[in-house]
1. Listed residues 91, 49; which is more than 18 Å from residue 11 (Cβ to Cβ), part of a loop (DSSP other than H, G, I, E, B), out of contact with any helix residue (DSSP H, G or I) (no Cβ under 7 Å at 6 or more places or on another chain) and at pLDDT 85 or above?
2. What's the number of the only condition in (1) exposed (fewer than 11 other Cβ atoms within 10 Å of the Cβ); (2) touching a helix residue (DSSP H, G or I) at 6+ places or on another chain (Cβ under 7 Å); (3) modelled with pLDDT of 85 or more that residue 10 fails to meet?
3. If you go through region 17-59 one residue at a time, how many are farther than 20 Å from residue 89 by Cβ and in contact (Cβ under 8 Å) with a residue 40 or more places away in the chain?
């Protein structure tokens, strides 16, 4: 989260928003509430306690060498129509999306959304 927090201003300038989803129970093993108290973030944080969101995106990870009943780490850029324009699915719990790729996707989708908005206004 701290990695993405470092580019939050660039993301906002591109007209995008951040959100973080954790496949974790409020009082689960990683204690997300306590973690966020110590390491606050400036964007929405969703606890996917029943894994509905992670399962719907195909990110659920039942068991692995470094995982038990959680999600693969992933970064998605989703446009206004809820279409995934970019997805990076980590192979393990330490594998994260390159921030340069994320920003390229954010800017590309932002420009596409602006083009759609302008064409809709012209109609």
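The values are calculated or read from the model by the stated rules, or taken from the named source; none is laboratory data. This one's a predicted model, so the numbers in the text were calculated from it and none came from an experiment. In this analysis, Cβ positions are derived from the backbone assuming ideal geometry, glycine residues included, and neighbour counts consider all displayed protein chains.
1. Numbers: 91 fails: at pLDDT 85 or above.
Result: 49 is the single residue among 91, 49 that is more than 18 Å from residue 11 (Cβ to Cβ), part of a loop (DSSP other than H, G, I, E, B), out of contact with any helix residue (DSSP H, G or I) (no Cβ under 7 Å at 6 or more places or on another chain) and at pLDDT 85 or above.
2. Here residue 10 clears every test but (1).
3. So the count comes out to 1.
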